[in-house]
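Trainee: Once you've had a glance at the structure underneath, I'll fire off some questions.
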Amino acid sequence: MANLSLGFPEPAAERIVARNTGLEGVVERFEGWMQQPDSPVRAIRRIPAREAEFIDIPASIPDPIRNALAKRGVSQLYSHQADAFEAVQQGRNVVVVTPTASGKTLCYNLPVLHRLVEEPEARVMYLFPTKALAEDQVTELQALIDVTGTNIRAFTYDGDTPPDARKAIRERANIVLTNPDMLHAGILPHHTKWAKAFENLRYFVIDELHYYRGVYGSHLANLIRRLKRICAFYGSSPQFICSSATIANPKELAEALTESPFELIDRNGAPAGEKYVVFYNPPVVNRQLGIRRGYLQETRRIAGEFLERGHQTLIFANNRLATELLITYLKAAAERATIPADSIRGYRSGYLPRERREIERKMRDGEIRAIVSTNALELGIDIGSLDAVVMAGYPGTVASTWQRAGRAGRRQTSSIAVMVASSAPLDQYIVEHPEYFFDRSPEHAHINPDNIEILLNHMKCALFELPVRDGEKFGPHDTTELCRFLEELGVAHHSAKAWHWTSDTYPADAVSLRAITSDNFVVIDITSEHKVIGEVSFPLALTSLHEKAIYLHEARQFQVERFDYDGRKAYVRHVDCDYFTDAMMYTQVKELVTFDSMPVATATAAHGEVRVNNQVVGFKKLKFWTNENVGAGHLQIPEQEMHTTSFWMHFPEAFLARFPDFSPTEKENGLAGLGNALRTVGSLLLMCDPRDLGTALTEDIADGVKAYEPNLYLFDNYPGGIGQSAPLFKMTRKLLEGAAELIGGCPCESGCPSCVGPAGEIGERGKEAAARILAQLLG
């Protein structure tokens, strides 16, 4: 049989998978390899099979539903399904937290269908984070409804819904499945068309609750405030039913999003097949620089081995470019083997809905042997029974990793999941500290719905939807001052003891749920005829769309020829080049207000409000694959100022005097390297993207005399902050310990991108200095 790993030379001793059939041989090979010196297999964890815990179907379930469940092979409920049904029947808000493929869907479908059989005029809304997931769930739900023989009607309502069907759905649907964007811009602002639905709204279901964190979760919390306000206007008060993957604080998150009390159900009664989870760290090829073998090539090699052995495999990549590259690599290898190239497909948000449905169906039917996907398949879309999952890079959170690993063996079969680490610091921390992943609880999800920019934007939307009465609250906030501010902006007017929207604009259109501001840049391709090919958020545009930047789109390179800052446009032309660009940012942070502080050794940890001034001053040209610096350029882009919240460490002269063998420059380099490590560990603890946290090292001036007493800032990279600085302050010890483990566990000699940063940026002794500083702080 031809080898799918062709194109990557490797001696026989490096073969990953044994030739015998079945997953047992795969696991044995990984285990054998792990015993070798400097093995790239860093951990293998066996998760034993689990027996089901059943409870009889409650006697109150109507016969049509009971018979429908029996026809689908359900004669008993899992314990968590029964617990959820009982809690909902008692009128409590419920959040269900169990692993992937444990039957969470029935936790809300069962009480919903029960209510609709008992009360045919009742209405229910389901909220899913993506259109694809809503489409998948309505298919499953409709199949169950059809067997009941009832007249219950369920429909999706999103951007793909035909205009001529929307009126019928508003008037006739018992269950509407939608997403936050449609609720925000297409349902709440037009609530008068949904009057019957809001008058009779009994349940509001939020699926994949863990998805709503950071900025997105802060927006959703305000969206729920608007929803509850409209429901109150129509005389309804729906119960909330939520489901979530395993995170550390699901009940806290549900209560923060809805501002309502919840009951947590986390006793999992579902069975599961045996699963093996493998952590793989590509071998080091240059120890001094900390360079490892390419993780995409290693992912391709491992996935290829699974495919060659006949295992249906799902490969996850963390971005569109990596997805397209892996599809290309696997198809090219398949052409040399006995596997049809069309049995390997991609799956991501850019594909047409019809194309995605076809891929899902063919995967369930076994026609497709491998799918390479972004996080689009991380959620609960049914693609059938899989043998293996290979993750190209750490997904960013423990919860997401378990979600992806859980896609294999969904039907109680044995399965394996392999995480191939990239050289990113977060990946290296996880792969070299597997106990963090396996032995600790997943991360906390944090939101800040009271971020003033987000709050004001949703206050505008609320005012557009309904007048704000004097003394009315929006969440916990008194609306008087907010409305007066909107009056100064010329969009609100007070009369007859209420505030009214007076602008002819449609505020929901100007509010993006995934960013603080909706001030985006449009990308225009001028290679032939002018056409819009993309849209980029304002902060990202400054670093990715400056003049001479290489903009990547669908695995093609475009060079930015003109950056129209005032017009919010970037004009690009297609080019073929072997490099990409990385912007260089100058950041200055000024402490404004200290909320709290505490001593750490002779240094100080604090958090509070700061002013951040950012300016893009230049860029580097880096070669694909090697990241070799092949050029640079200077830029002049207007300075950006924002007020946000921050965690910081203050290092007085007395503390730095403990390191007499380091020069002032080496101490500064050590602190800069420490900042890089703290951002990595901070993003891990906060369950956020590392880009959500900014770092800066700023000298402190005391009594008018410039002394080297620097502050090392870790700040929220969003105006107003999104609630990340206070948790970081509370976890100061854990943050410092994690940074020490990251730096101490990295095999590089003097710094690399996986720990404190490359030696070329933080100096030859930067890593050593950072480690010594941490030792003093933790001593």
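Trainee: So if I take the centroid of the Cα atoms in the stretch 670-693 and the same for the stretch 611-660, what is the distance between those two points in Å?
Mentor: Each part's Cα centre sits 13 Å from the other's.
Trainee: What's the local net charge at LEU489, with K and R +1, D and E -1, over the other residues with C-beta under 15 Å away?
Mentor: Neighbour charge sum, excluding LEU489 itself: -3.
Trainee: Let me ask something else about it. Please give the Cα centre distance for the stretch 176-205 versus the stretch 432-490, rounded to the nearest Å.
Mentor: 20
Trainee: Got a sec? What order do GLU118, GLU741 fall in by accessible area at 1.4 Å, biggest, i.e. largest, first?
Mentor: GLU118, GLU741
Trainee: Hey, if you put +1 on the Cβ of every Lys and Arg and -1 on every Asp and Glu Cβ in the chain, which of GLY694, ILE526, HIS80 ends up farthest toward the positive end of that dipole?
Mentor: Going by the charge dipole, the pick is HIS80.
Trainee: Can you return the lysines within cross-link range of LYS275? Criterion is Cα-Cα under 23 Å, with same-chain partners fewer than 8 residues away left out.
Mentor: Output for LYS275: LYS104.
Trainee: Compare the Cα positions of LEU685, CYS746, PRO758 along the charge dipole of the stretch 684-776 (+1 at Cβ of Lys, Arg; -1 at Cβ of Asp, Glu; about the Cα centre) and return the one farthest towards the positive end.
Mentor: Going by the charge dipole, the pick is LEU685.
Trainee: Now a separate question. Need one word for the stretch 582-634: rounded, prolate or oblate. Basis is the Cα gyration tensor (sqrt eigenvalues a ≥ b ≥ c); a/c below 1.5 gives rounded, then a/b vs b/c decides.
Mentor: prolate
Trainee: Per residue, what accessible area does the chain have, given a 1.4 Å probe and all protein chains present, in Å²?
Mentor: Accessible surface, normalised per residue, equals 41 Å².
Trainee: Moving on to the next point. Just to be sure I understand: of the beta bridges DSSP finds with both ends in the chain, what percent are antiparallel, rounded to 5?
Mentor: Values: 85 of 136 bridges.
For the chain, the DSSP antiparallel bridge percentage is about 60.
Trainee: Which stretch or stretches of the stretch 217-258 have amide N atoms under 20 Å from the point lying 7 Å from ALA498's Cα along the Cα→Cβ direction?
Mentor: 225-237
Trainee: Still on this structure: Taking a probe of 1.4 angstrom, what is the accessible area of ASP478 in Å², to the nearest 10?
Mentor: 80
Trainee: Just need the relative contact order of the chain here, percent rounded to a whole number, with Cα pairs under 8 Å and 6+ apart.
Mentor: Relative CO of the chain lands at 12 percent.
Trainee: Counting Lys and Arg as +1 and Asp and Glu as -1, each charge on the Cβ, what is the dipole of the stretch 248-305 about the Cα centre in debye, to the nearest 20?
Mentor: Around 680 debye, computed over the stretch 248-305.
Trainee: Oh, and also: With +1 on each Lys and Arg Cβ and -1 on each Asp and Glu Cβ, how big is the dipole of the chain about its Cα centre, in debye rounded to the nearest 20? Write down the numbers at each step before the final one.
Mentor: Values: 83 positive and 98 negative charges, 330 e Å.
Dipole of the chain, to the nearest 20 debye: 1580 debye.
Trainee: For TRP402, what accessible surface area do you get with a 1.4 Å probe? Give it in Å², rounded to 10.
Mentor: The accessible area of TRP402 comes to roughly 80 Å².
Trainee: Let me ask you something else. Under a Cβ-Cβ cut-off of 10 Å, what is the net charge of the residues other than MET459 that fall near it, where Lys and Arg count +1 and Asp and Glu count -1?
Mentor: That sum, taken over residues with Cβ under 10 Å, equals +3.
Trainee: Follow-up. So what J values fall out for the stretch 601-609 if you push phi through Karplus, 6.51 cos²θ - 1.76 cosθ + 1.60 with θ = phi - 60°, rounded to Hz, Gly and Pro as x?
Mentor: 6, 9, 9, 9, 9, 8, 8, x, 9
Trainee: So, one more: Only four residue types carry charge here, +1 at the Cβ of Lys and Arg and -1 at the Cβ of Asp and Glu. Report the dipole size of the stretch 167-217 about the Cα centre in Debye, rounded to the nearest 20.
Mentor: Computed charge dipole of the stretch 167-217: roughly 240 debye.
Trainee: Arrange the residues TYR579, TYR506 by how much accessible surface each exposes, largest first, with a 1.4 angstrom probe.
Mentor: Ranked from most to least accessible, the order is TYR506, TYR579.
Trainee: Kindly report, to the nearest 10 Å², the accessible surface of VAL285 as traced by a 1.4 Å probe over protein heavy atoms only.
Mentor: 100
Trainee: Does the stretch 423-581 classify as rounded, prolate or oblate by the C-alpha gyration tensor (a ≥ b ≥ c root eigenvalues; a/c under 1.5 gives rounded; else a/b over b/c gives prolate, otherwise oblate)?
Mentor: Judged from the Cα gyration tensor, the stretch 423-581 comes out oblate (a/c at least 1.5, b/c at or above a/b).
Trainee: Still on this structure, I have one more. Tell me which cysteines of the chain come out unpaired when the rule is another cysteine's Cβ under 4.7 Å.
Mentor: CYS107, CYS231, CYS242, CYS461, CYS483, CYS577, CYS688
Trainee: Further, regarding this structure: Output needed for the stretch 606-670: three equivalent-ellipsoid semi-axes, defined as square roots of 5 times the C-alpha gyration tensor eigenvalues, in descending order, whole Å.
Mentor: Ellipsoid half-lengths, sorted descending, are 30, 23, 11 Å.
Trainee: Under 1.5 on a/c is rounded, so check that first for the chain, then, if it is not, pick prolate when a/b is larger than b/c and oblate when it is not; a ≥ b ≥ c are the square roots of the alpha carbon gyration tensor eigenvalues. Spell out each step's value before the answer.
Mentor: On the way: a/c = 1.57, a/b = 1.13, b/c = 1.39.
Taking the square roots of the gyration eigenvalues as a ≥ b ≥ c, the chain is oblate.
Trainee: Separate question: Measure off, as a whole percent, the carbon and sulfur share of the 1.4 Å-probe accessible area of the chain, all protein chains present.
Mentor: 49
Trainee: Normalised by the number of residues in the stretch 532-598, what is the relative contact order in percent for Cα pairs under 8 Å and 6+ residues apart?
Mentor: 24
Trainee: Using +1 at the Cβ of each Lys and Arg and -1 at the Cβ of each Asp and Glu in the chain, identify which of PHE580, THR543, VAL124 lies farthest towards the dipole's positive end.
Mentor: Going by the Cα projections, it comes out as VAL124.
Trainee: Can you sort HIS574, HIS650 by solvent-accessible area, 1.4 Å probe, largest first? Don't skip to the end; give the middle numbers.
Mentor: Numbers: HIS574 60, HIS650 40 Å².
Correct descending sequence by accessible area is HIS574, HIS650.
Trainee: When the Kirkwood radius is taken over all Cα pairs of the stretch 176-267, what Stokes-Einstein diffusion coefficient follows at 25 °C and 0.890 mPa s, in µm²/s?
Mentor: Using the Kirkwood radius from Cα pairs, D works out to 178 µm²/s.
Trainee: Next question, about the same structure. At what distance in angstrom do the alpha carbon centres of the stretch 720-779 and the stretch 239-291 lie from each other?
Mentor: After rounding, the separation between the Cα centres reads 25 Å.
Trainee: Greater than 20 Å separation of Cα atoms is the criterion. Which listed pairs, LYS620/LYS667; LYS548/LYS623; LYS473/LYS497; LYS196/LYS228; LYS590/LYS734; LYS548/LYS620, meet it?
Mentor: Pairs exceeding 20 Å: LYS620/LYS667; LYS590/LYS734.
Trainee: A further question follows. Note down the relative contact order for the stretch 61-128 as a percent, whole number, built from C-alpha pairs under 8 angstrom at least six residues apart.
Mentor: Dividing the mean separation by the residue count of the stretch 61-128 yields 32 percent.
Trainee: For GLU737 and ASN613 in one chain, what is 0.36 nm times their gap in residues minus the Cα-Cα distance, to one decimal in nm?
Mentor: Contour length minus Cα-Cα distance gives 41.7 nm.
The values are calculated or read from the model by the stated rules, or taken from the named source; none is laboratory data. Here the structure is a predicted model, which is why all the values come from computation and not from measurement. Don't worry about glycine lacking a Cβ; one is built from the backbone with ideal geometry, like all the others, and counts go over all protein chains shown. We work out accessible area using only protein heavy atoms, side chains counted, and drop any ligands, DNA or RNA first. Shrake-Rupley method; radii C 1.70, N 1.55, O 1.52, S 1.80 Å.
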